[in-house]
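For reference, the structure is listed below as structure tokens.
Bear in mind that the values in this text are calculations on the coordinates, not laboratory data. None of these values were measured; they are calculated from a predicted model. Counting neighbours? That spans all protein chains shown, and the Cβs are built from the backbone with ideal geometry, glycine included.
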Amino acid sequence: MKYLLVLAVLMVAFWIWRNNRIGPREAPPPAPKAPALRKPTQMVACLECGTHLPQGEAVMGPHGAYCSAEHRQLGEDRAA
Ligand SMILES: [Zn+2]
């Protein structure tokens, strides 16, 4: 009976030790961050060649958007 009690204590101790060891690994990994919601990019067409490009990358001229500084120059020369 004495040995049974010792065995029971050892088993409980082993169980606690195992849970402590495995516990952190079993914790669910941090949920992957949801991709940041981005507003749809506004597309603009180059007034010179008609290429569509994001508004952020467009070169803005007095008459509208252009795909590059060269086309802006061409467009402004034509308009002048
Ligand atoms: Zn262009």
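Some notes on this structure:
- Dividing the mean sequence gap of close Cα pairs (under 8 Å, 6+ apart) by how many residues the chain holds gives a relative contact order of 17 percent.
- Cα-based helix-to-principal-axis angle, 2-26 vs the chain, degrees rounded to 10: 0 degrees
- For the chain, the 222 nm mean residue ellipticity estimated from helices alone, with every DSSP H stretch of n ≥ 4 adding -39500 (n - 2.57) and the total spread over all residues, rounds to -15000 deg cm²/dmol.
- Separation of the MET43 and ASN20 label points, Cα + 7 Å toward Cβ, nm: 6.1 nm
- Selection among CYS67, ALA80, LEU4 by position relative to the dipole of the chain gives LEU4 as farthest towards the positive end (Cβ unit charges, Cα centre).
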